[in-house]
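Student: Take a look at this one; I'll ask things after.
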């Protein structure tokens, strides 16, 4: 895809995304806007999960993404849904990479490590990122045990806005903290009610991570290695 056609492909998405963001700002959508704004082209997703904010960028901006996960089932799930271009099975902390990436993301990953290893994960992610690091995690510690016997699902640490702000990150919020575990209720009606309230109040929570249920920390470095406000 040449530059002009790529720009034309991006324009409708950028306009639509900006309108939605103005009404209901979301950290992941803001991340995607930053990636497009700064012309970033390669990404690493630590922990495949069931979705990735990098996936849609592969279609609209010629973006290439790599995913790493220690769980084969997560790799298989991600591959069948074509979420990334390449996959690595293994521990992120012990993995060796031959190149760096423009952006490194980890969504609901760092809380699965204890504090010491979590800080090592964060430092390694920062070392691998040429420009942008994105970290999404619950506000504080939320107890979660092994799901389905998968030890990687256990929560081992809690994180707060100041943990990231002290490292030069801008921190954003998602969902009202006061609803807590109601957002994961087994009652469909309760979950949907919380979701509707979250959408209606997200424009307040986005810039106020101290009242959020989940926090998203982002740090951008320019070509000279200086932290830029985002």
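The values are calculated or read from the model by the stated rules, or taken from the named source; none is laboratory data. Being a predicted model, the structure only gives us computed values, none of them experimental. Note: ideal-geometry Cβ built from the backbone for every residue, glycine included; neighbour counts use all protein chains shown.
Student: In this structure, is residue 229 loosely packed, with under 12 Cβ neighbours inside 10 Å, farther than 14 Å from residue 135 by Cα and under 19 Å from the mean Cα position of the chain (by Cα)?
Tutor: Here the answer is yes, as residue 229 does meet what is asked.
Student: What is the number of the single condition among (1) part of a loop (DSSP other than H, G, I, E, B); (2) within 16 Å of the chain's Cα centre (by Cα) that residue 172 does not meet?
Tutor: The failed condition is (1).
Student: Tally the residues that are assigned to a loop (DSSP other than H, G, I, E, B) and in contact with a helix residue (DSSP H, G or I) (Cβ under 7 Å, 6 or more places away or on another chain), restricting the search to the range 175-198.
Tutor: The total comes to 1.
Student: If you don't mind, another one. If I filter the range 43-72 down to residues being touching a residue at least 60 places away in the same chain (Cβ under 8 Å) and more than 14 Å from the chain's Cα centre (by Cα), which single residue comes out as surrounded by the fewest Cβ atoms within 10 Å (Cβ to Cβ)?
Tutor: 62
Student: Taking interchain pairs and intrachain pairs at least six residues apart, which have beta carbon atoms under 7 angstrom, with the first residue in the range 211-230 and in contact (Cβ under 8 Å) with a residue 24 or more places away in the chain and on the phi < 0 side of the Ramachandran plot and the second assigned to a loop (DSSP other than H, G, I, E, B) and surrounded by 20 or more Cβ atoms within 10 Å (Cβ to Cβ)?
Tutor: What qualifies is 217/169; 218/169; 219/169.
Student: Same structure, new question: Can you list the helices (runs of 4 or more DSSP H) lying wholly within the range 51-154 that have 3 or more residues being at pLDDT below 95 and in contact with a strand residue (DSSP E or B) (Cβ under 9 Å, 6 or more places away or on another chain)?
Tutor: Output list reads 72-80.
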